[in-house]
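Below is one structure; the comments refer to it alone.
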Amino acid sequence: EGEIEQLKVSVKAHNLSLEFVKPKTFPTLNIDETKTRQVIMNFLDNAIYYTPVGGKIRVELTALDKTVEYKVIDNGLGVP
């Protein structure tokens, strides 16, 4: 949530909409927080940069048994 909050100004400046969907409960994860934050920011920065003005970005976190699935969905150029 902290990374998404940091990028709201950039999202607004690019005239984009951002939706964040997260699970009600979140499993305890044993991860490197700094590297995880970096990955989250890289995906979101790319979505902001490559999504056309007026576009939509959706961030989804899905809690699985022992992990979490992270998705960034946008209507930008995409990766072939």
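Numerical summary
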quantity: Rounded, prolate or oblate (a/c below 1.5 giving rounded, otherwise prolate when a/b exceeds b/c) for the stretch 33-78 by Cα gyration tensor; calculated: oblate
quantity: DSSP-loop trypsin sites (Lys or Arg not before Pro) across the stretch 1-65, with at most 13 other Cβ within 10 angstrom; calculated: Lys24
quantity: Approximate shape of the stretch 1-78 as ellipsoid semi-axes (Cα gyration tensor, √5λ), whole Å, largest first; calculated: 24, 13, 11
quantity: Accessible surface, per residue, of the chain when the full set of protein chains is kept, probe 1.4 Å, Å²; calculated: 77
quantity: Degrees between helix 2-13 axis and first principal axis of the chain (Cα, 0 to 90, nearest 10); calculated: 10
quantity: Angle between the chain longest axis and helix 33-50 axis [Cα atoms, degrees, rounded to 10]; calculated: 20
quantity: Estimated [θ] at 222 nm from DSSP helical runs (n ≥ 4, -39500 (n - 2.57)) normalised by residues in the chain, nearest 500; calculated: -12500 deg cm²/dmol
quantity: Carbon plus sulfur fraction of accessible area for the chain, probe 1.4 Å, in percent; calculated: 53
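The values are calculated or read from the model by the stated rules, or taken from the named source; none is laboratory data. This is a predicted model, so every value here is computed, not measured. Neighbour counts run over all protein chains shown; Cβ positions are idealised from the backbone, glycine included. Ligands, DNA and RNA are stripped out before the accessible areas are found, and what is left, the full protein with its side chains, is counted by its heavy atoms. Shrake-Rupley method; radii C 1.70, N 1.55, O 1.52, S 1.80 Å.
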